[in-house]
Amino acid sequence: MTDLKSQTPEELTKTLKAMGEPAFRGKQVFTWLHKGVGSFDEMTNLSKALREKLAGTCAFTPPKAVRKQVSKLDGTIKYLWELADGNCIESVLMQYHHGNTVCISSQVGCRMGCAFCASTIAGKVRDLTPGELLDQVIFTQKDSGLPISNIVLMGIGEPMDNLDNVLKFLELVNHPDGLNIGMRHISLSTCGVIPGIERLAELGLQLTLSVSLHAPDGETRSKIMPVNRAYPVEDLFAACRRYFERTGRRISFEYAMIDGVNDHDWQADLIAEKVRGMPGHVNLIPLNDVVESPFKPSKRTAAFQKRLETHGLTATVRRSLGGDIDASCGQLRRKAMEEQKGE
């Protein structure tokens, strides 16, 4: 079955032409798909014969919201989407003064093994297609009724481990005939997959690169982030420097504050040393408790932030959203998996 949602208007035009349809049908179908229709029958400016032909030869399976949690604290909405094959992923809609941001998943599960993350506990199942990435944005917007202006790829999975599909998704979501969300409104997070960073630098996309640093020294980072054994933190800092020199884009360094592990003053000093001369932003993240994890939130977040600022770094503390709805990435999917096992 042809995956129409993952196709550009040009590719859809070729697909429709192969069915004997005129070229303009490609743009029509693309527009309908990006409006979030639930079936081919809703594409009312297509003939009934064409709609039936599409239904018989093309895959069109919008995700199903099997769980939806709305925070009473701040209105954050968390979705657990069931995909066509029965697998589940998460998306989170966060409301800010500057607009609404959706955090989307890039894979079903994750193989990176970060010790403090719930997303990786059951490992990686598969990559998401460009269409499945896009559907999280489209159907979160449709279900919530809130216009989405910003996207962060920081949900379940490592985007750089699924980079071809992620790049195709970026092309689709940026298209003027679709959602038309600009690159400067999109953040892509990586735990430090250097080849992916190098490829992004070559492409020169004007998105925001977020690097999940979590420790500036190799010993600590290898203990909590296995990716550091493949791509050592010293090499990661060098890749980030090359990325900045190539694109001119400031990098955001994500840093989950873990009690007694990565919250020492000498680690703040080391961060400052490694990013000196490279405009960057350090985003300190209060750690969410994960049942299976032995790590606890740091009590030194404010002191660590102040230490960074004494070096002239821009350091902020991420505002916790959705604290009453399993907001930590992967927790809702994990609970659903546990309930399925129990049944």
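Per-structure values
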item: Among LYS72, LYS223, LYS64, residue whose mean-square fluctuation peaks in a GNM of the chain (springs only between Cα atoms under 10 Å); result: LYS72
item: Volume per residue that the Cα convex hull of the chain spans, once the total is divided by residue count, Å³; result: 140 Å³
item: Residue-wise HN-Hα coupling along region 44-58, computed from phi with Karplus coefficients 6.51, -1.76, 1.60 (Hz; x: Gly, Pro); result: 6, 8, 9, 5, 4, 5, 5, 4, 5, 5, 5, 4, x, 10, 10
item: Separation in nanometres of the label points that stand 7 Å from Cα toward Cβ, at THR316 and LEU73; result: 1.8 nm
item: HN-Hα J in Hz across region 206-219 - Karplus 6.51, -1.76, 1.60, θ = phi - 60°, x for Gly and Pro; result: 8, 8, 9, 8, 10, 9, 6, 7, 6, 6, x, 10, x, 4
item: Candidates SER212, SER144, SER252: whichever shows maximal mean-square fluctuation once the chain is modelled as a Gaussian network with Cα springs under 10 Å; result: SER144
item: Long-range amide H partners of CYS58 with built H, under 5 Å; result: THR2
item: Nonlocal amide H pairs with VAL125, under 5 Å, H built at 1.01 Å; result: VAL108, GLY109, CYS110
item: Cα gyration tensor shape of region 2-59, rounded if a/c is under 1.5, else prolate or oblate by comparing a/b with b/c; result: rounded
item: Computed label-point distance, nm, for sites THR31 and ASP269 using a 7 Å Cα→Cβ extension; result: 6.3 nm
item: Among ARG242, ARG319, ARG126: highest mean-square fluctuation, GNM of the chain, C-alpha pairs under 10 Å; result: ARG319
item: Spin-label zone in region 156-180 - amide nitrogen under 16 Å from a point set 7 Å from the Cα of GLU11 along the C-beta vector; result: 162-179
item: Share antiparallel - DSSP beta bridges, the chain, percent rounded to 5; result: 45 percent
item: Given LYS5/LYS124; LYS5/LYS35; LYS78/LYS142; LYS17/LYS142, the pairs whose alpha carbons are separated by over 19 Å; result: LYS5/LYS124; LYS17/LYS142
item: Cross-link partners of LYS299 among lysines (Cα-Cα below 17 Å; sequence separation of 8 or more within a chain); result: none
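None of the figures in this text is laboratory data; all of them are computed from the coordinates on show. Predicted model, so just to flag it, every value in this text is computed and none were measured. Using ideal geometry, Cβ is built from the backbone for each residue, glycine included, and neighbour counts are taken over all protein chains shown.
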